[in-house]
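Enquirer: Quick one: structure below, then a few questions.
The values are calculated or read from the model by the stated rules, or taken from the named source; none is laboratory data. As the structure is a prediction and not an experimental result, all values here were calculated from the model. Quick reminder, even Gly has a Cβ in these numbers, built from the backbone with ideal geometry, and neighbours come from all protein chains shown.
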Amino acid sequence: NGAPPVIKTGSPACSQYTYGVGLLKFRNLASNNETSVSLGCTAGSPFSLELVTGSYEVRFDNGGGANGPEPESIVNPNFVVSGAASNVVFNVSGVTVSGRVTINGAPPVIKTGSPACSQYTYGVGLLKFRNLASNNETSVSLGCTAGSPFSLELVTGAYEVRFDNGGGANGPEPESIVNPNFVVSGAASNVVFNVSGVTVSGRVTINGAPPVIKTGSPACSQYTYGVGLLKFKNLASNNETSVSLGCTAGSPFSLELVTGAYEVRFDNGGGANGPEPESIVNPNFVVSGAASNVVFNVSGVTVSGRVTINGAPPVIKTGSPACSQYTYGVGLLKFKNLASNNETSVSLGCTAGSPFSLELVTGNYEVRFDNGGGANGPEPESIVNPNFVVSGAASNVAFNVNGIVVSGRLTINGAAPIIKTGSPACSQYTYGVGLLKFKNLGSGFEASVSLGCTAGSPFSLLLVSGRYEVRFDNGGGANGPEPESIIVPVLQL
């Protein structure tokens, strides 16, 4: 505003580690390349930099170390650099806008319980100001002060103003527009932004009945979303909020929402029965006023069966390493809903016969097998059913995984690798001679096998049929070239 910046000396003080007063950004109008210079915390805010000759758009980005407006703004749209220049002055114009926020016409009710309002989590919330001309944005935290006052310095222009609830007081979710065209033409005080919201409460049912809360091991835990999350996506703004169902009997919920139409989804938290994956329970839930006793029902069916490898039960590993349930055991079955693209999986563990059981939302699924290493079974991850239809409960479902044994040896320039025996010697803990990597050209999934430190560098692995790119990645345990390279562009199995 025509005067030197007033450097902050309080708490927080101006810091050169956070760009100090701010950054001057110079964008070359011919090349679009950009550079910047920090103004630091020096009195008078001097700057000096060396520029390529040409025309530049110059912008000021406030670093917070002095007074000055937000958001980032153009201070010269066409600054011509044709030779050395000194005593250049860029003036940043801004005005102070202050006021308060109300919730449904009244001051926000600051939370004092547990959890209480905290300025470290934006307190009552954030007011966000998006400049409609530049799309640059700034925000101001409302903190935890009674009455929710705010004050900030803005570049003149028109702004979309939004409220983002910080959780420190009553107030609706999700983020919403409180003024679509707030015009800043000069200093303004006593500005009031009102946030309107209504309370929506009710319960969730699973197949028409209250969720059955898990009490065994593992039991339902509120730290892992309990029964699950209800997610509300505003269909106009695409902003989203959610509420945890916790572990309370009957799965009640209550939240404050901005009026509008919402897509409501259920995301299973694992604390009760209920289907996977995340699914839509109401595609167009209209919130026009307060509503209670709302019921969202989640429908699902049980699908169970077993996995076979080349038509036979998986051979569980009992040696060293043995099959371990902590590393997915035999493997994972992954179910991707073809309509929503949401996915869930079930571990096959280390049980003989590799049985599985899970609750799924009805629909069509791509089913994939991801080898866990606890039994025989091919690599890499592969589709075992491209369109598995779930229209009702199903048992004795069998997913068969086909694999082909590929074995052989590696040579370096036509000869067996020369295993290193000095210092450092070949070590199987660092892939030995190296890795052979097999990338399935159809699915993009990849498997690899370590060549270890065995003379002749033999290898053997079970692969899903298909076309593969084969690469060698040198492990340093023998002679051999770097970097990783393709040794067979297409291997047909």
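Enquirer: Based on this model, can you work out whether Gly373 counts as surrounded by fewer than 17 Cβ atoms within 10 Å (Cβ to Cβ), within 17 Å of Leu462 (Cα to Cα) and within 31 Å of the chain's Cα centre (by Cα)?
Expert: It is true that Gly373 is surrounded by fewer than 17 Cβ atoms within 10 Å (Cβ to Cβ), within 17 Å of Leu462 (Cα to Cα) and within 31 Å of the chain's Cα centre (by Cα).
Enquirer: Filtering the range 142-156 down to residues that are surrounded by fewer than 18 Cβ atoms within 10 Å (Cβ to Cβ) and of a type in the set (Gly, Ala, Ser), which residue is farthest from Val124 (Cα to Cα)?
Expert: Ser151
Enquirer: Which one is farthest from the chain's Cα centre (by Cα), of the residues in the range 339-354 that are in contact (Cβ under 8 Å) with a residue 60 or more places away in the chain and outside any strand (DSSP E or B)? Walk me through it before giving the result.
Expert: Of the residues in the range 339-354, the ones in contact (Cβ under 8 Å) with a residue 60 or more places away in the chain are 340, 342-344.
In the following step, the residues that additionally are outside any strand (DSSP E or B) were identified as 340, 342.
On the way: Ser340: 17, Asn342: 14 Å.
Going through the qualifying residues, I end up with Ser340.
Enquirer: Something else: If Val488 passes every condition in (1) under 14 Å from Thr411 (Cβ atoms); (2) among the β-branched types (Val, Ile, Thr); (3) touching a residue at least 40 places away in the same chain (Cβ under 8 Å) but one, which one does it miss?
Expert: (3) is the only condition that Val488 fails.
Enquirer: Another one. Restricting to the range 19-41, what's the tally of residues that are within 18 Å of Gly63 (Cα to Cα) and assigned to a loop (DSSP other than H, G, I, E, B)?
Expert: 6
Enquirer: Let me ask another. Specify the residue that is surrounded by the fewest Cβ atoms within 10 Å (Cβ to Cβ); the eligible residues are those in the range 1-39 that are small (Gly, Ala, Ser) and at positive phi.
Expert: Gly2
Enquirer: Looking only at strands (runs of 3 or more DSSP E) that lie completely in the range 214-311, which have at least 2 residues being modelled with pLDDT of 95 or more and of a type in the set (S, T, N, Q)? Step through it out loud before you land on a result.
Expert: Working: elements: 228-234, 240-244, 252-257, 260-268, 279-287, 291-298, 301-309.
Result: 240-244, 279-287, 291-298, 301-309.
Enquirer: Please report, ordered by residue number, the strands (runs of 3 or more DSSP E) entirely within the range 105-210 with at least 3 residues that are closer than 29 Å to Lys231 by Cα. I'd like the intermediate steps shown before the answer.
Expert: Values: elements: 125-131, 137-141, 149-154, 157-165, 176-184, 188-195, 198-206.
The qualifying strands (runs of 3 or more DSSP E) are 125-131, 137-141, 157-165, 176-184, 188-195, 198-206.
Enquirer: With the structure loaded, tell me whether Gly329 is in contact with a Cys (Cβ under 8 Å, 6 or more places away or on another chain) and part of a loop (DSSP other than H, G, I, E, B) or whether it fails that test. Outline the logic, then answer.
Expert: Numbers: in contact with a Cys (Cβ under 8 Å, 6 or more places away or on another chain): yes; part of a loop (DSSP other than H, G, I, E, B): yes.
Spelling it out, Gly329 is indeed in contact with a Cys (Cβ under 8 Å, 6 or more places away or on another chain) and part of a loop (DSSP other than H, G, I, E, B).
Enquirer: Between a first residue in the range 241-263 that is touching a residue at least 40 places away in the same chain (Cβ under 8 Å) and a second residue that is among the β-branched types (Val, Ile, Thr) and not in a strand (DSSP E or B), which pairs have beta carbons less than 7 Å apart while being 6 or more apart in sequence or on different chains?
Expert: Leu245/Val227; Ser251/Val227
Enquirer: Among Asn194, Asn170, which is buried (at least 16 other Cβ atoms within 10 Å of the Cβ) and at negative phi? Before the answer, list the steps.
Expert: On the way: Asn194 fails: buried (at least 16 other Cβ atoms within 10 Å of the Cβ).
Answer to the check: Asn170.
Enquirer: If you don't mind, there's one more thing I want to ask. Gly456 - would you say it is surrounded by fewer than 19 Cβ atoms within 10 Å (Cβ to Cβ), in a loop (DSSP other than H, G, I, E, B) and of a type in the set (Gly, Ala, Ser)?
Expert: The answer is yes for Gly456.
Residue-by-condition table, conditions (1) modelled with pLDDT of 95 or more; (2) on the phi > 0 side of the Ramachandran plot; (3) loosely packed, with under 12 Cβ neighbours inside 10 Å:
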site: Gly54; (1), (2), (3): yes, yes, no
site: Glu70; (1), (2), (3): no, no, no
site: Ser82; (1), (2), (3): yes, no, yes
site: Asn87; (1), (2), (3): yes, yes, yes
site: Asn91; (1), (2), (3): yes, no, yes
site: Lys128; (1), (2), (3): yes, no, no
site: Ser134; (1), (2), (3): no, no, no
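Enquirer: Moving on to the next point. Looking only at strands (runs of 3 or more DSSP E) that lie completely in the range 355-436, which have at least 2 residues being aliphatic (A, V, I, L, M)? So that I can check it myself, show each step before the final result.
Expert: Details: elements: 355-360, 363-371, 382-390, 394-401, 404-409.
By residue number, 355-360, 382-390, 394-401, 404-409.
Enquirer: Now, a different point. So in the range 179-191, with the set limited to residues that are in contact (Cβ under 8 Å) with a residue 40 or more places away in the chain and closer than 15 Å to Glu137 by Cα, which one is surrounded by the fewest Cβ atoms within 10 Å (Cβ to Cβ)?
Expert: Filtering first and then ranking leaves Asn181.
Enquirer: Right, here's the next one. Take Ser93 and tell me if it is assigned to a loop (DSSP other than H, G, I, E, B) and among the polar types (S, T, N, Q). Quick ask: steps written out before the conclusion?
Expert: Working: assigned to a loop (DSSP other than H, G, I, E, B): yes; among the polar types (S, T, N, Q): yes.
In short, yes.
Enquirer: Of all residues in the range 387-430 being small (Gly, Ala, Ser) and more than 30 Å from Val367 (Cα to Cα), which is nearest to the chain's Cα centre (by Cα)?
Expert: In the first step, residues of the range 387-430 are kept if they are small (Gly, Ala, Ser); the result is 391-395, 398, 403, 407-408, 414-416, 422-423, 425, 427.
Cutting the leftovers down to more than 30 Å from Val367 (Cα to Cα) gives us 408, 414-416, 422-423, 425, 427.
Working: Gly408: 42, Gly414: 47, Ala415: 48, Ala416: 46, Gly422: 47, Ser423: 44, Ala425: 42, Ser427: 38 Å.
For the range 387-430, the residue satisfying everything is Ser427.
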